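Down below is the structure, laid out as structure tokens.
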Amino acid sequence: MFRGKKYQDSAKLIETGALYDTADAMALVVKTATAKFDETVELHVKLGVDSRHADQQVRGAIVLPHGTGKTARVLVFAKGDKAEAAKAAGADFVGEMDLVEKIQKENWFDYDVVVASPDMMGVVGRLGKVLGPKGLMPSPKAGTVTPDVAKAVTEIKAGKVEYRLDKTNIIHCPIGKVSFGPEKLTENFNALMGAIIKAKPAAAKGQYVRSCVCASTMGPGVKINAAKLV
């Protein structure tokens with residue numbers, strides 16, 4: 001794969017095969033981000049579990065201390081008082097069947113997170129095939145199916161992120177923007193890694209955190225010493 005000169009110059013700053021301490025890694029991620037826009041910093045963690053087994057799933061959500069640098073657009077399925085509370089909390093879209101039809105008929109996806117009150121899941125369930133593949137289906141584990149939709153909206157707006165395994169047993173999750181600087185990125189990283197380590201399934205055998213890499217949108221990956229995290 002061809003990489004531009006900026007990327008190649010940035011990659012030279014990273015020692016091949018080196019495993020960095022978290023603070024050093026974040027400083028390198030910031031240093032190697034050369035794009036003209038404020039790049040997002042992503043964490044990629046490979047876990048020693050098998051996501052095909054239900055008892056080895058790793059999934060949850062956490063409010064990052066400094067947020068993600070991006071305000072998520074929240075869609076809420078709720079009615080009555082709960083709908084009003086969601087609006088007051090800052091939800092971008094609130095509705096019932098009207099939103100289900102809009103998504104089905106117009107293939108509408110102008111939102112980042114979907115929240116639903118439990119009594120709406122019968123209606124929302126119809127969207128499983130549409131929202132599921134995009135990772136947008138509300139779930140109690142992620143805190144997006146809840147009686148307190150207003151609280152969920154507030155937390156998401158404050159920088160709550162959901163982490164979950166993909167089919168290759170890797171978690172991909174944003175931990176902020178390059179403009180946060182190394183210190184805030186380190187704090188966000190530590191909060192997220194702490195949650196992932198706490199979520200270790202009892203059925204997981206052997207080494208849990210296999211590898212841990214951070215990278216900005218356009219920058220090279222920096223490997224973090226996973227042994228020091230667990």
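Scanning region 43-74 for residues that are more than 15 Å from ALA152 (Cα to Cα), over 12 Å from the mean Cα position of the chain (by Cα) and not hydrophobic (A, V, I, L, M, F, W, C) gives LYS46, GLY48, ASP50, SER51, ARG52, HIS53, ASP55, GLN56, GLN57, PRO65, HIS66, GLY69. One residue alone among VAL130, VAL63 is open to solvent by less than 70 Å² (accessible area, probe 1.4 Å), among the hydrophobic types (A, V, I, L, M, F, W, C) and in contact with a Lys or Arg (Cβ under 8 Å, 6 or more places away or on another chain), and that residue is VAL63. Being over 21 Å from LYS79 (Cα atoms) and in a helix (DSSP H, G or I), is that true of even one residue in region 134-154? The answer is yes, given that some residue of region 134-154 is over 21 Å from LYS79 (Cα atoms) and in a helix (DSSP H, G or I).
Determine, yes or no, whether LYS82 is without any contact (Cβ under 8 Å) to a residue 12 or more places away in the chain, open to solvent by 20 Å² or more (accessible area, probe 1.4 Å) and farther than 15 Å from PRO174 by Cα. So LYS82 does not fit the description; no.
Examine region 90-101 for a residue that is among the acidic types (Asp, Glu), open to solvent by 20 Å² or more (accessible area, probe 1.4 Å), touching a helix residue (DSSP H, G or I) at 6+ places or on another chain (Cβ under 8 Å) and farther than 19 Å from ARG164 by Cβ, and state whether such a residue exists. Looking for residues that are among the acidic types (Asp, Glu), open to solvent by 20 Å² or more (accessible area, probe 1.4 Å), touching a helix residue (DSSP H, G or I) at 6+ places or on another chain (Cβ under 8 Å) and farther than 19 Å from ARG164 by Cβ, one finds at least one in region 90-101, hence yes. Which of the residues that make up region 31-52 are surrounded by fewer than 20 Cβ atoms within 10 Å (Cβ to Cβ) and either at pLDDT 90 or above or touching a helix residue (DSSP H, G or I) at 6+ places or on another chain (Cβ under 9 Å) (or both)? Within region 31-52, LYS31, THR34, ALA35, LYS36, PHE37, ASP38, THR40, GLU42, HIS44, LYS46, GLY48, ASP50 qualify.
The values are calculated or read from the model by the stated rules, or taken from the named source; none is laboratory data. Owing to the predicted nature of the structure, the values given are computational and were not obtained by experimental measurement. Please note: Cβ atoms are built from the backbone with ideal geometry, for glycine as well, and neighbour counts cover all protein chains shown. These area figures cover heavy atoms from the full protein model, side chains too; ligands, DNA and RNA do not enter into them. Shrake-Rupley method; radii C 1.70, N 1.55, O 1.52, S 1.80 Å.
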